[in-house]
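Step one of this worksheet: look at the structure below.
Where a number appears in this text, it was derived from the coordinates with a stated rule and is not lab data. Predicted, not measured: the structure shown is a model, and the values here were computed from it. Counting neighbours? That spans all protein chains shown, and the Cβs are built from the backbone with ideal geometry, glycine included.
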């Protein structure tokens, strides 16, 4: 599972940095903070190697990826205290194994329904991004 030249998770280029900021390396994945914060605390866990589906991973990597997702979700729960965390695995247009971790709050955006992929409404200052990322790192 090497790199895919068409994949911004593999290439780590401006397509990726326009959407997200790296929080931390996990065991077999990376945790990213999604820049659009309509759902406070929204993050992405992306597998470090290039894989399209979870079944493409070895059983050990499947278990480690699942543990990384759980670790990230617990950090989000600790920092933001959402009512629920939604998990989204898509990749129709970007076939790289990654999960959106979307905290949901009662009576706030998309409660009781599907979240928008990128509503483009809520962005933070550089200082606020840094503070949020630091809080998540501490919670990991």
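Numbers below:
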| quantity | calculated |
| --- | --- |
| On Cα atoms only, tilt of 126-139 relative to the major axis of the chain in degrees | 70 degrees |
| Pair residue 77, residue 90: separation of 7 Å Cα→Cβ label points (nm) | 2.5 nm |
| Alpha-carbon centroid distance for the pair segment 106-124 / segment 1-52, whole angstrom | 20 Å |
| Principal axes of segment 79-140: Cα extent on each, largest first, Å | 32, 30, 24 |
| Helix axis angle, 59-80 relative to the chain longest principal axis, alpha carbon, degrees | 10 degrees |
| Residue-averaged 222 nm ellipticity for the chain, from DSSP H runs of 4+ at -39500 (n - 2.57), nearest 500 | -9500 deg cm²/dmol |
| Likely footprinting exposure, 54, 133, fewest C-beta neighbours within 10 Å first | 54, 133 |
